[in-house]
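Student: Following this message is one structure expressed as structure tokens.
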Amino acid sequence: MTVTSVHDPSHREALWELEDAFERGDLISLFGRCSVTYEGRAASDLGAGDRLLVLKPDGAALVHTDEGRQPVNWQPPGSEHRAAVREGRLRVVSARTNPAETLTVAFEDVQQLSAMAVTGGRDLTLHGSEEDLRTRILERPDLVEEGFEPKATERPSSAGPMDVFGVDADGTPVVVELKRRRVGPDAVGQLARYVRALEEEVEAEERDLAVRGVLVAPSVTDRAAERLAERRFDHVALDPSPE
């Protein structure tokens, strides 16, 4: 595999590398200080900052910051990448015509540029999914707790479908939220919304009937554990697939 990696290139050097990479159909990453402008169905401007720009040979363009997994700006596959140097500064444009959208990344400096050919492995085989976790629980409800009885999966509620709904040994309603990997406090918040929605449903019928929440996940962060304790929810450490 041919890999091109250049540290601190000049704007003109970066342009030459980009043009060659576009021609080869490489996957490209650029890191540097830049501003980002989007024009299309809406418009947005992102001021100067250190960011990562990823250009894929299928036309996708992604602008990442140091937070979150989602790009702050992006263009979908099918866009066309081009680059130029304007007033001594590198400018990368990703555009498409239907609908008309343009993402422009103007660099003040480029700290690193990498280009490489990426092949194979487009078919993803997923192991250990939340569906596997649900199947384990439906086959062995005691993995949640002794006496747990599943009643429904994807049960509708005002907060969305619950992963598993059931009752415990005392007949108390239980909402079970499934996660296939280690989770943080957001998962506890999601479970809380389902529990609250179910409480609102049963309130008119049995005002004293409590609703329990159980988070099933391989592990949780310390902050998630604190949130679970605050809400008196339970955590069951369970992997999607048995060893």
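The values are calculated or read from the model by the stated rules, or taken from the named source; none is laboratory data. Everything numeric in this text was worked out from a predicted model, so none of it was measured. A quick note on method: Cβ atoms are made from the backbone with ideal geometry, for glycine too, and the neighbour counts reach across all protein chains shown. Each accessible area value is taken on the protein alone, full model and side chains, heavy atoms only, with ligands, DNA and RNA left out. Shrake-Rupley method; radii C 1.70, N 1.55, O 1.52, S 1.80 Å.
Student: By how many nm would the segment from residue 85 to residue 111 grow when fully extended, if each residue of separation counts as 0.36 nm and the alpha-carbon distance is taken off? It would help to have the intermediate numbers written out before the result.
Tutor: On the way: separation 26, 0.36 × 26 = 9.36 nm, distance 1.59 nm.
Working it through step by step, the gained length comes to 7.8 nm.
Student: Might you tell me the accessible area per residue for the range 5-87, computed with a 1.4 Å probe and given in Å²?
Tutor: Numbers: 4970 Å² over 83 residues.
Computed with neighbouring chains in place, this is 60 Å² per residue.
Student: A further question follows. What does the convex hull of the Cα atoms of the range 113-197 come to per residue, in Å³, rounded to a whole number?
Tutor: Working: hull volume 13.2 nm³, N = 85.
Normalising the Cα hull of the range 113-197 by residue number yields 156 Å³.
Student: Then there is this: If amide hydrogens are placed 1.01 Å from N in the peptide plane, which non-local residues have theirs closer than 5 Å to the one on residue 90?
Tutor: 107
Student: Mind checking the log10 I(q)/I(0) for the range 1-145 at q = 0.12, 0.16, 0.20 Å⁻¹? Debye, one equal scatterer per Cα, no solvent, two decimals.
Tutor: These q points yield log10 I(q)/I(0) values of -0.56, -0.83, -1.22.
Student: Can you compute the modelled spin-label distance between residue 138 and residue 19, with each label point 7 Å from Cα toward Cβ, in nm?
Tutor: With each label placed 7 Å out from Cα toward Cβ, I get 5.9 nm.
Student: Could you work out what % of the accessible surface of the chain is carbon and sulfur, using a 1.4 angstrom probe and leaving DNA, RNA and ligands out of the count?
Tutor: Numbers: 6310 of 14190 Å².
In the chain, the share of accessible area belonging to carbon and sulfur is 44 percent.
Student: With Cβ to Cβ distances under 12 Å as the rule, what net charge do the other residues near residue 143 carry (K, R +1; D, E -1)? Walk me through the numbers before you get to the answer.
Tutor: Values: positive: 134, 136, 140; negative: 139, 142, 145, 146, 239.
Within the 12 Å Cβ shell, the charges total -2.
Student: Evaluated at 20 °C with a viscosity of 1.002 mPa s, what Stokes-Einstein diffusion coefficient in µm²/s does the range 141-243 have when Rh comes from the Kirkwood expression over alpha-carbon pairs?
Tutor: Result for D is 156 µm²/s.
Student: Could you check the simple spin-label distance between residue 50 and residue 67, using points 7 Å along Cα→Cβ, in nm with one decimal?
Tutor: Distance between label points: 1.7 nm.
Student: Over the heavy atoms of residue 215, what accessible area does a 1.4 Å probe trace out, to the nearest 10 Å²?
Tutor: Solvent-accessible area, nearest 10 Å²: 0 Å².
Student: Just need log10 I(q)/I(0) for the chain at q = 0.12, 0.13 Å⁻¹, Debye formula, equal scatterers on the alpha-carbon atoms, no solvent, rounded to two decimals.
Tutor: Debye output, listed in q order: -0.81, -0.85.
Student: Still on this model: Mind checking the full-extension length gain between residue 236 and residue 158? Use 0.36 nm per residue of separation minus the Cα-Cα distance, one decimal, nm.
Tutor: Details: separation 78, 0.36 × 78 = 28.08 nm, distance 2.50 nm.
Length difference between fully extended and current span is 25.6 nm.
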